[in-house]
1. Suppose every Lys and Arg Cβ carries +1 and every Asp and Glu Cβ carries -1, with no other charges. What dipole size does the chain come out with about its Cα centre, to the nearest 20 debye?
2. Over the chain, calculate the relative contact order: mean separation of alpha carbon pairs under 8 Å at least 6 apart, over the residue count, as a percent.
3. How are the alpha carbon pair distances in the chain distributed across 10 Å bins from zero to the largest one, expressed in percent?
4. For ASN265 and HIS290 in one chain, what is 0.36 nm times their gap in residues minus the Cα-Cα distance, to one decimal in nm?
5. Given the Cα-Cα distance of LYS88 and SER26 and 0.36 nm per residue of separation, how much length would full extension add, in nm?
6. With a Förster radius of 51 Å, plug the Cβ-Cβ distance of LYS372 and ALA202 into 1/(1 + (r/R0)^6) and report the FRET value to the nearest 0.05.
7. Taking the number of other C-beta atoms within 10 Å as the exposure measure, put CYS19, CYS173 in order starting with the fewest.
8. Could you name the aspartates and glutamates whose alpha carbon sits less than 12 Å from that of LYS104, not counting residues in the same chain fewer than 8 places away?
Amino acid sequence: MKNSYHSGSLVDTLSCSKCGRIYDFSVLQSFATCCEKPLIFSYQLEKGISKEILKTEQQSIWKYASLLPILNTNNIVSLNEGLTPISKIEKLGAIADLENLYLKDETGNPTGSFKARGLSVAVSKLKELGITKCIIPTAGNAGGALAAYCAKADIEATIIMPRHTPKVFKDECEIYGAQLILVDGLINDCGNKAKELNKDGAYFDMSTLKEPYRLEGKKIMGYEIAEYFNGDLPEYIFYPAGGGTGLIGIWKAFKEMMQMGWIKNKLPKMIAVQSSSCAPIQEAFKDPIHWKEHFNPQTSIANGLAVPYPFGMDLMLAVIRESNGQICTIQEDKIKENVLLFSKKEGILISPEGAATFMALKKLKENGVVGKDDRVLLLNTGSGYKYIENII
Ligand SMILES: Cc1ncc(COP(=O)(O)O)c(C=O)c1O
Ligand SMILES: [Zn+2]
């Protein structure tokens, strides 16, 4: 196993995403305390780095190990995550009146969601640095993924989840041997509970973007997308945004590939999809100063979208601005029928978050933003099987 991984991560620096202050990546880091913002890894990338660095037997995100921050490949904790398929979905394309509609389907990941990617990298880093206990507030999928990777790595995981989350999300955490704590409220309430339990700092806090490692795993989606489209990326990518790691990660990957000369054409417009039940990015975009005063977040059938106060808000807004993208809020009470539409037309039991991206596409197609000839990629970030009790 160990010899088939790349050696030699190209990691260069870890720095504050706001002011650029450098942090030591050889020790465990959380967020940039200078500005209370996420920390971001950068790599020694220059034009002309050959795609040969991807040559490996690994059939997982670890194919891209040189572009990830694990320093000793013996520490990699993998359950064969990533390298998920992209395919054309012609029937739904016809419904949306689009010639070229693609779906990247994250269903096949360990524990059934794209969260596996980030947690593989983060748990590998915990192993690399000898950390034995961690804690995570989660809307559902990240908790299950953390539990599975921690089981493999012999690390104790404590998972804090909203009580209303469907049963399978809770059960899987316990099945993988994690400690599960339920909280009345949304993920931000779970975050407060995690803080309270971690007053003495006994656990490593894995909250979204309060550590820099999960983002790196998520970014590999961007590399896989570019590989599928041979560097000629689609005009639009629709992404269901909660904490934002996928949106920020995919964009980060595109920029890294631009630096290496792997992408030549224009970058896609990134569309962040939110639910009308909880659309903080939309609110913050409209009213950056006062949005929290009138914000009233509710639960969503798409659990992963019910993230009222994302720590990575500025980074998400930057992706939307830089890519000339936009935020698209869809109607909560229509998500379920779109999950069913997907199942009945394409034979894929998509997550409600994934269904939300199709709803957003229809909306932007109808109001003329997306054209019939535009190539559009939707992200189905997880399997719908865990949500069945809320779908049927
Ligand atoms: C299926 C699914 N889609 C999307 C999201 C939102 O992810 P992100 O934090 O990358 O915005 C989540 C988060 O829980 C999720 O579980
Ligand atoms: Zn700073």
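Every read-out reported here was derived from the displayed coordinates using simple, explicitly stated rules and does not represent laboratory data. Just so you know, these numbers come straight off a predicted model, no measurement behind them. Using ideal geometry, Cβ is built from the backbone for each residue, glycine included, and neighbour counts are taken over all protein chains shown.
1. 320
2. About 18 percent, as a whole number.
3. Here the calculated profile for the chain is 5, 25, 36, 26, 8, 0.
4. Extra length available between ASN265 and HIS290 comes to 5.2 nm.
5. Contour length minus Cα-Cα distance gives 18.1 nm.
6. Approximately 0.35, to the nearest 0.05.
7. Going from least to most buried by this count: CYS19, CYS173.
8. Within the straight-line cut-off, LYS104 pairs with GLU224.
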